[in-house]
Structure formats: C-alpha cells, structure tokens
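Below is one structure; the comments refer to it alone.
The values are calculated or read from the model by the stated rules, or taken from the named source; none is laboratory data. Just so we're clear, the structure is a prediction, and the values are computed from it rather than from any experiment. Cβ sites come from the backbone with ideal geometry, for glycine too, and all protein chains shown count toward neighbours.
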Amino acid sequence: MDVVQSLRLRGAFYYLIARSQFLNPSCRIFVVWITKMAQLTSGQQTLEKIVSLSKRRGFIFQSSEIYGGLNGCWDYGPLGVEMLRNVKEAWWRAMTYRSDIEGLDASILMHPKVWEASGHVQNFSDPMVDCKSCKSRFRVDHLFSEMSEKKLQAIGKHLGIDHREHTKDSLAEYLLMRVDQDDTLFPVLVEQELVICPNCGTKKSLTAPRNFNLMFETYIGPVKEAGNEVYLRPETAQGIFVNVLNVMQASRQKLPFGIAQIGKAFRNEINTKNFLFRTREFEQMEMQYFVKEGTDEQFYEEWRERRYNWWQSVGIPKERLHLKPHEKLAHYAKAAIDIEFEFPFGFGEIEGIHNRTNFDLSRHEEYSGKSLSIHDEETKEKKVPFVIETSAGASRGFMALLCNGYEEEKLENEVRTVLRLHPAIAPVKAAILPLVNKDGMPEIAEKLERDLRTSMKTFYDDSGAVGRRYRRQDEIGTPFGVTIDSDTLQDQTVTIRERDSMQQIRLPIDNVKGYLLERIGFPN
Ligand code: GAP
C-alpha cells in the first residue's frame, strides 16, 4: 500500500469513526480498533520500505551485519553519512553562528563522579519486569503506554481514579507515577490480573519491578577492578556543565549565553525498536543556555519556539509536529516539553526542551567542591545560573527527515519513489547526466561535474535511459538533475530538472553553479 492509498484508507476510517456515534457501542469499538490496526499496519509497511531503501541505496546498514548484526546499533553508509553531516551542520549553524552561543566538543569518558553528581548513577534507570513464563522483559512505562485504553481505565477504576479526567497517555503516565511511588502496587495489579504478560498473555506471571541502570560501564587502565569504572556518557549535556566556567572565561561571555555540542551518547536500552528511533548508540545535538534565575521561564518559551521552528526550516511541515508537555518531570526539571514527529508508527519525540533550573551546576559544585557561581554585575551577587536545555537527537532527527521525505508518488503510468528532502539536507545536491555517451557530451559533463564538485556533493551518471537515471536520483533525494544534450553542443545551455515538481528549465552552463548554490544553502 503506498502512502496516498494509506492516507485515503485512514480518511475512510476517520469518516467511519465520525459516523460511528450512530452505531451501537460494540460496533463503535470495532471501528476504532480496526482503524488503529490499519494505521499500524500501513505505517509498519512504510517503515519497512524506508529501511529497505536505506540499505539498498547506502543510507543505513545494520551494524556488524556479516556476524548477524548487533541489536540497537546501525552504521551510516555513503549517502547516510553525508545526510547526517548535513543535519548536524544545519543545527550547528543555527545554534552557534550567533554571538551568544559557543561550541564545545567534550570527551565521551568523564570522571565517574560526574554521573554521581548528575543523578545518573542513582536515577538513570528504567523499572523492568520479567515474565516468569515466556522470559520476556518489559519496561514498566511501556507496559502502560502500550496498554489499551480500556485496560488502563480498569486499573484506574481499581485505584479509584476518575478516568474522565485523563487522556489515555496521561492515565498511563499517572499509573507509572503511582507504581514508582509505591513498590507494593505493581504486584497487587498482577495478582488481580489487571496486568498480564503482553507477549504470552499468561496471568500472574510478571515479577515485581526492578531498576536497571541504562549506563554502559567500562574500565580505565589495564586492570578491570572496582574503582576503575567509567561510563560511556548517556547524554552530552554533562560535558557542557563541567566546562561552563572554562568556556565563559575563554570566550568572555556574560549571562545569558549558551554552549552547544554534538556528539555520541550511549544507553543500554532494553527494547531497541523502530530502526533508528531507539538505539544503544546515537548522536545528540544539545545546547545549554545559562540564564539568571527569574528569566528562565521567558528563555524556556523562546527556545521552545525557536526549536519548533527549526524543524520546520529543515523541511518538516507543522502538521507532522506536535508539542507535548511532560506531565511527569525528570529529577532535574522544572518544565519540559517534547517536540514530536509523526513517524510511520505514530508520534515520537525528536527533541526535548527542558528548564533544568540550577540543579546540575549546584550538584557539580557540591560534588567537585569548586564554585560554579557566576558574578551578577547588576546585583553584585554570585549565583548559580539556571539552565534551559535544548536536546535533539541527530540520529532520530535524521530518521524523521527520512520518513518525512519518503513518498510513493502516483504518476500517469508508474509510481515513482521520491525522497523530498530539503536541498541542504539531501546527501547529493546535483546529478550530472550526459544524455548519450558520445558527440562530446561526456567531456562537457565531466568538466561541469569537476567544477561543481569543489562546492557541493555531486554524482555523475551516464548509464541507462535518462528517465531511469532521474528515478534513481529521486529515490535518494537529489534535488537537481543537470542534463547535457545535443543543444548544449550548439548553444552551451543545459537542462536543469527539479526533483519535486519534475519541471525543467534551460540555463547557460556557466550559470549552473550559481543557480545551484543559491538553492542548496542551509536555512538561516
Ligand atoms: N540531556 C537531556 C536528554 O538527554 P533525552 O530526552 O533523554 O534528554 C534527548 O534525550 C534526545 O536524544 C531525544 O529527544 C532523542 O531525540 C534522542 N535520544 C534519546 N535516547 C535515544 C535513543 N535511545 N536512540 C536514539 N535517540 C535517542
């Protein structure tokens, strides 16, 4: 089923849902259920097509594939690495080409006390339960978030919660919070058969929740012994916090100012899933903005707006983005909101904006014994600044852009697969295509390609019919095709074909570089 078909099907089912108020309750439940199933199935099929295209065309390969792969780890192929660099470059320019934000590249391994101070040793864990029957392991938050609304309401009723005050998501979050607060509650829900194994359906088979720390541990030095443990960082943010005074002094910044960083992060996720969405190794693009207490709420709003707009500037339409405030806040946060993208499997977070207060810096002061307070010239006081964090996933954002761009477009006689990527994000900017391999066309095409190559990623293709060559480029998102034909020999003009509209214009060959450079630039 292509995307257009799946949208039509969705539309048809939404119509049915709208009409289903006139149906009896059991028919209505059936219509809602079948709609959900249809969405999931078509979404899953789309995702499978994207995964397959990614491998076939060299965007993404499974890590260590010849050994059967390593779960939760992926490799970026020739086109993937170009595209990922473009995503990161677009972010870097937007975040650091300004007077109030400096860049940083901190090491992945840090002093172990950093992670005690940050709270990760104690808190960065997921409560897990095991099924004694089928041996599957589940995160408790996933058990609730993937449960049907009816089951959630049944648990809510058991706990005396009025489900009319909650959406499905907020009820799932609320139940998780109750289970977090009360160790005895989950076993009671299992005993009452209100929670059963979602894999094998066995009743009373789930264990009590146990905390599982998500940080990868390794050892510094030749001896693997207690005291030598270090962690692979689970977020890049802490490298910024511990360097705040270094950066501030070196770059003569004053509050408010920010530090931005792109880098790898590692989490020993229990359930890796949905391609690049939840992996064990991934890249983050984080920025911490240091502000005076009292101005934090205003900067939080500003950064939420700016980041929401940035995703649109790189090609994601507003309709496929959601802003979802957190109901349950992390241990460090005063306010938090997720920017979510509509993946084929549903909405999922691509970036979090957090008001982290002065939690992190105060803790690092406490654990390091070094002051991280900043002198306020107005009040003549020294105070630990507040932090507004913007934390985006480069890998997850990459996947969002891939899913957003993917389309199977119905033409008169065929279906063309096209990746409608923003030209700045597209891995290849222009394909250079001599119409035939004779009459001097290849020589002109090669010369043009050599000239363009110094300023942008190009691809030279002289094999097969030109229509097929265009299709190969559409599939990898190349925004422009430049064709050298018999007219070029006469008047030194070429055809430029635009990927999305497929419209063609003619241009003097000497103007091609300027024309392309104007159109492939990063958004401001
Ligand atoms: N410093 C705050 C922080 O790390 P987070 O919400 O845990 O916050 C921020 O992560 C972003 O990192 C997410 O919005 C997501 O894009 C990305 N991310 C987190 N875990 C990930 C994973 N296992 N795989 C891929 N991306 C992940």
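Name the single residue, out of those in the stretch 313-327 being out of contact with any strand residue (DSSP E or B) (no Cβ under 7 Å at 6 or more places or on another chain) and under 14 Å from W91 (Cβ atoms), that is surrounded by the fewest Cβ atoms within 10 Å (Cβ to Cβ). Before the answer, list the steps.
Within the stretch 313-327, the first condition is being out of contact with any strand residue (DSSP E or B) (no Cβ under 7 Å at 6 or more places or on another chain), and the residues that meet it are 313-315, 317-319, 327.
If we keep only those that are under 14 Å from W91 (Cβ atoms) too, we end up with 313-315.
Working: S313: 14, V314: 21, G315: 19.
Per the stated criteria, the residue is S313.
For E235, are the conditions met, namely being outside any strand (DSSP E or B) and either among the hydrophobic types (A, V, I, L, M, F, W, C) or at pLDDT 95 or above (or both)?
Details: outside any strand (DSSP E or B): yes; either among the hydrophobic types (A, V, I, L, M, F, W, C) or at pLDDT 95 or above (or both): yes.
So E235 passes the test.
Going by the conditions given, is Q181 more than 26 Å from the chain's Cα centre (by Cα), without any contact (Cβ under 8 Å) to a residue 12 or more places away in the chain and farther than 30 Å from G227 by Cβ? Before the answer, list the steps.
On the way: more than 26 Å from the chain's Cα centre (by Cα): yes; without any contact (Cβ under 8 Å) to a residue 12 or more places away in the chain: yes; farther than 30 Å from G227 by Cβ: yes.
Against the criterion (more than 26 Å from the chain's Cα centre (by Cα), without any contact (Cβ under 8 Å) to a residue 12 or more places away in the chain and farther than 30 Å from G227 by Cβ), Q181 qualifies.
Okay, residues lined up against (1) away from the ligand (no atom under 11 Å from the Cβ); (2) surrounded by fewer than 16 Cβ atoms within 10 Å (Cβ to Cβ):
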{"residue": "R233", "(1), (2)": "no, no"}
{"residue": "T236", "(1), (2)": "no, no"}
{"residue": "G239", "(1), (2)": "no, no"}
{"residue": "L245", "(1), (2)": "yes, yes"}
{"residue": "M248", "(1), (2)": "yes, no"}
{"residue": "S251", "(1), (2)": "yes, yes"}
{"residue": "G258", "(1), (2)": "yes, no"}
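Could you check the stretch 386-440 and list, in sequence order, the residues that are under 30 Å from E235 (Cα atoms), assigned to a loop (DSSP other than H, G, I, E, B) and either aliphatic (A, V, I, L, M) or without any contact (Cβ under 8 Å) to a residue 24 or more places away in the chain (or both)?
Keep residues of the stretch 386-440 that are under 30 Å from E235 (Cα atoms), which gives 386-406, 421-427.
From the residues that got through so far, the ones that are assigned to a loop (DSSP other than H, G, I, E, B) too are 421-427.
Of everything in the stretch 386-440, those that are under 30 Å from E235 (Cα atoms), assigned to a loop (DSSP other than H, G, I, E, B) and either aliphatic (A, V, I, L, M) or without any contact (Cβ under 8 Å) to a residue 24 or more places away in the chain (or both) turn out to be L421, A424, I425, A426.
Could you pull out the residue among A335, A330 that is surrounded by 14 or more Cβ atoms within 10 Å (Cβ to Cβ) and at pLDDT below 95? Give the steps one after another, and end with the answer.
Values: A335 fails: at pLDDT below 95.
Within the list A335, A330, the selection yields A330.
Do you know which of the residues in the stretch 318-339 that are touching a residue at least 60 places away in the same chain (Cβ under 8 Å) and away from the ligand (no atom under 13 Å from the Cβ) is farthest from A117 (Cα to Cα)?
Step by step, filter the stretch 318-339, then rank; the result is R320.
Which one is surrounded by the most Cβ atoms within 10 Å (Cβ to Cβ) among residues in the stretch 386-402 that are within 9 Å of I353 (Cβ to Cβ) and more than 8 Å from the ligand (Cβ to nearest atom)?
Among those that are within 9 Å of I353 (Cβ to Cβ) and more than 8 Å from the ligand (Cβ to nearest atom), it is I388.
Can you name the residue in the stretch 267-291 that is more than 9 Å from the ligand (Cβ to nearest atom) and part of a strand (DSSP E or B) and, of all such residues, is surrounded by the fewest Cβ atoms within 10 Å (Cβ to Cβ)? Don't jump to the end; show me each part of the working.
Initially, the stretch 267-291 is screened for residues more than 9 Å from the ligand (Cβ to nearest atom), giving 268, 270-271, 273-275, 287, 289-291.
This time we only want the ones that are part of a strand (DSSP E or B), so: 273, 287, 289-291.
Details: K273: 12, M287: 26, Y289: 24, F290: 27, V291: 20.
This residue is K273.
If I ask for residues that are of a type in the set (S, T, Y), assigned to a helix (DSSP H, G or I) and touching a residue at least 24 places away in the same chain (Cβ under 8 Å), which ones from the stretch 357-385 would you list?
Y367, S368
Based on what the data block shows, is I444 surrounded by 20 or more Cβ atoms within 10 Å (Cβ to Cβ), among the aliphatic types (A, V, I, L, M) and not in a loop (DSSP other than H, G, I, E, B)? Talk me through it step by step, then tell me what you get.
On the way: surrounded by 20 or more Cβ atoms within 10 Å (Cβ to Cβ): no; among the aliphatic types (A, V, I, L, M): yes; not in a loop (DSSP other than H, G, I, E, B): yes.
When the stated conditions are applied, I444 does not pass them.
For every residue, the table says whether it meets (1) of a type in the set (A, V, I, L, M, F, W, C); (2) more than 27 Å from K513 (Cα to Cα); (3) within 23 Å of the chain's Cα centre (by Cα).
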| position | (1), (2), (3) |
| --- | --- |
| F347 | yes, yes, yes |
| E365 | no, yes, no |
| G369 | no, yes, no |
| E378 | no, yes, no |
| E412 | no, yes, no |
| P427 | no, no, yes |
| E443 | no, no, no |
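Just a yes or no: is a residue in the stretch 299-312 more than 29 Å from L421 (Cα to Cα), at pLDDT 95 or above and away from the ligand (no atom under 13 Å from the Cβ)? Can you show your working first?
We begin by selecting, within the stretch 299-312, every residue more than 29 Å from L421 (Cα to Cα); these are 299-300.
Now drop any that are not at pLDDT 95 or above, which leaves 299-300.
Going one step further and asking which of them are away from the ligand (no atom under 13 Å from the Cβ), we end up with 299-300.
Taking every residue of the stretch 299-312 in turn, at least one turns out to be more than 29 Å from L421 (Cα to Cα), at pLDDT 95 or above and away from the ligand (no atom under 13 Å from the Cβ).
Within the stretch 243-266, identify whether any single residue is β-branched (V, I, T), touching a residue at least 60 places away in the same chain (Cβ under 8 Å), part of a loop (DSSP other than H, G, I, E, B) and closer than 21 Å to A117 by Cα, and answer yes or no. Write out each step before concluding.
Going through the stretch 243-266, the residues β-branched (V, I, T) turn out to be 244, 247, 259, 262.
Restricting the remaining residues to those that are touching a residue at least 60 places away in the same chain (Cβ under 8 Å) gives 244, 247, 259, 262.
Remaining after also requiring part of a loop (DSSP other than H, G, I, E, B): none.
No, there is no match, as no residue in the stretch 243-266 is β-branched (V, I, T), touching a residue at least 60 places away in the same chain (Cβ under 8 Å), part of a loop (DSSP other than H, G, I, E, B) and closer than 21 Å to A117 by Cα.
Under 7 Å by Cβ, and 6 or more places apart or on different chains, what pairs join a residue from the stretch 343-356 that is within 16 Å of S395 (Cβ to Cβ) with one that is among the polar types (S, T, N, Q) and near the ligand (Cβ under 6 Å from one of its atoms)?
From the stretch 343-356, the pairs are E351/S391; G352/S391.
When you scan the stretch 29-146 for helices (runs of 4 or more DSSP H) that lie fully inside it, which ones turn up with 2 or more residues that are modelled with pLDDT of 95 or more and of a type in the set (D, E, K, R)? If you could, list the steps in order and put the result at the bottom.
Working: elements: 78-96, 112-117, 120-123, 140-145.
Output list reads 78-96, 112-117.
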